[in-house]
Amino acid sequence: MFFKEFLKQIDSIIERDPAAGGKFGVIFLYPTLHAMFFYKIGNIFWRYNLKFFARMIMYFARIFTGIEIHPAAKIGKNFFMDHGLGIVIGETAEIGDNVTIYQGVTLGGIMPSIESDLQRNQKRHPTIGNNVIVGSGAQILGAIKVGDNARIGANSVVSKNVPPDVTVAGVPAREFVRSRKKESFKPYGISANDADPREKTLIDLAKKVENLENKIKNLENEKKNTRNKK
């Protein structure tokens, strides 16, 4: 069972990363695979209440891979951390199947250093749905939900729920477009073709103002011509 899932994860990495040369290279050179190997061991220790050893395993995994995953986090199938360096996944984070996140992403809490006693044993990290892509440097903070098939743009700060099939970006993150389940893969969560809805609204308003100004000029010219005829 474990070996079968291991092979599926390798295949999912090759499918999503054009730089992957083959299975041999993925096994030996991809930190996402190494981090997930340590995580699965650490998670077993955590579930058997051997928390010190679970944390120690993930501590060495962080030194080895540059990826920090709390052993209590819940992670689904075919999870891919492209590049991986600087990724932080908090204790109560939950990640669905076929999720891709890039370097520097944080799935964290909002105020981890304030009233920490009250936050223990509480849900304080995000829940990520299935088939989600999170661009590099994005910060997803708090006990929020990111819906299935959502896309998070690079360097976005997300502190509110993200509906399914939506692309968000910005600081704070806001909706850009509705995603489509069968759309082409967007490695950084947003492409050059995704228009900012606010920018689009302003452009539409500018065009309307321009049309109104042209109509006013035409009316003034007609009025002047009428006066000249008299």
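Every number in this text was worked out from the coordinates using simple rules, so none of it is lab data. These numbers were taken from a predicted model, which means no experiment stands behind them. FYI the Cβ positions are ideal-geometry reconstructions off the backbone, even for glycines, and counts take in every protein chain you see.
Lys and Arg at +1, Asp and Glu at -1: add these up for the other residues within a Cβ distance under 14 Å of Arg47 and post the number.
Net charge in that neighbourhood comes out at +3.
Between Phe52 and Leu7, what is the label-point separation in nm under the 7 Å Cα-to-beta-carbon projection?
4.0
Please work out the Kirkwood hydrodynamic radius for region 85-154, using every pair of different C-alpha atoms, and report it in angstroms with one decimal place.
Every distinct Cα pair counted, the radius reaches 12.2 Å.
Using the Karplus equation 6.51 cos²θ - 1.76 cosθ + 1.60 (θ = phi - 60°), what ³J(HN,Hα) coupling, rounded to whole Hz, does each residue of region 202-215 give in order, writing x for Gly and Pro?
5, 5, 4, 5, 4, 5, 5, 4, 4, 5, 5, 5, 5, 5
So which trypsin sites (Lys or Arg not before Pro) in region 22-113 are both in a DSSP loop and have at most 15 other Cβ atoms within 10 Å of their Cβ?
Here the sparse-neighbourhood loop sites are Lys77.
Across 10 Å bins from the origin, how do the percents of Cα pairs in region 1-134 run, short distances first?
Reading the bins upward from 0: 12, 43, 35, 8, 1.
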